[in-house]
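Here the structure is laid out as structure tokens; the discussion comes afterwards.
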Amino acid sequence: MNKNLSQLFAYKEGLDTRSTQFLMKALESNNLPGFDYIEFKQSLGALISMNIDEATAFKSAFATASTMGLTKQKLLESASHYQKILLKEKGQFDIALKNRIEQRVGKKEEENKQHTSRIQQIQTQIKRLEQEIVELRQKIEHNNQTKGNDGEKLIAQQKNFELTYNSIQKEIDNDVHKISQFL
């Protein structure tokens, strides 16, 4: 009997094709010799495809299987065998998935931690630079306020100096003139 298990179990809508093929391959490679659950399932599928009601299909498939030595106990034991195969495959899948999650998701989480740390460093630098800008603006404002006063003081100093200079220069000029005149 043909052992294409994908047709026996993959008839339901919405099943992932890749997962179905993977699990069917595991069942096929662990198929027990002789007439067991797999062959029973194939017989059952053939009867159901002929529009036989489910209860009659089960009874007819089992009647045929029992002529080949299959008992109810052997049928249930072989079904249990395949369930264990599926469970083993699920366990291996879960481990592989966990490893992939750790590799892919965990790596991204680590990158996110690094990015978050760098953002905090940059924000600290920004705050420091903003504070420095505030301080420099305050110095500019202070300079703007005091430069007017300083300018006025310097202009006054210049006027006073020039007045004093001119006065002294004029007096010396007068004395030179008088020296020339009187002596």
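Every read-out reported here was derived from the displayed coordinates using simple, explicitly stated rules and does not represent laboratory data. What you are looking at is a predicted structure, and each value in this text was computed from that prediction instead of being measured. No Cβ is skipped: glycine too gets one built from the backbone with ideal geometry, and neighbour counts run over all protein chains shown.
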For the chain, build the charge dipole from Cβ charges (+1 Lys, Arg; -1 Asp, Glu) around the Cα centre, then report which of H177, A96, F22 sits farthest towards its positive end.
-> F22
Starting at the first residue of segment 127-133, write each ³J(HN,Hα) from the Karplus equation 6.51 cos²θ - 1.76 cosθ + 1.60 with θ = phi - 60°, in whole Hz, x for Gly and Pro.
-> 4, 5, 5, 5, 5, 5, 4
Can you give the relative contact order of the chain as a percent, counting alpha carbon pairs under 8 Å and 6+ residues apart?
-> 17
Coil-residue chymotrypsin sites (Phe, Trp or Tyr not before Pro) of segment 8-71, DSSP, other Cβ within 10 Å capped at 12 | Y11
Eight or more residues apart or on different chains, and alpha-carbon atoms under 18 Å: count the Lys pairs in segment 68-139 matching that.
-> 5
Which residue fluctuates the most in the chain, going by a Gaussian network model with Cα springs under 10 Å, if the choices are Q138, Q83, Q157?
-> Q157
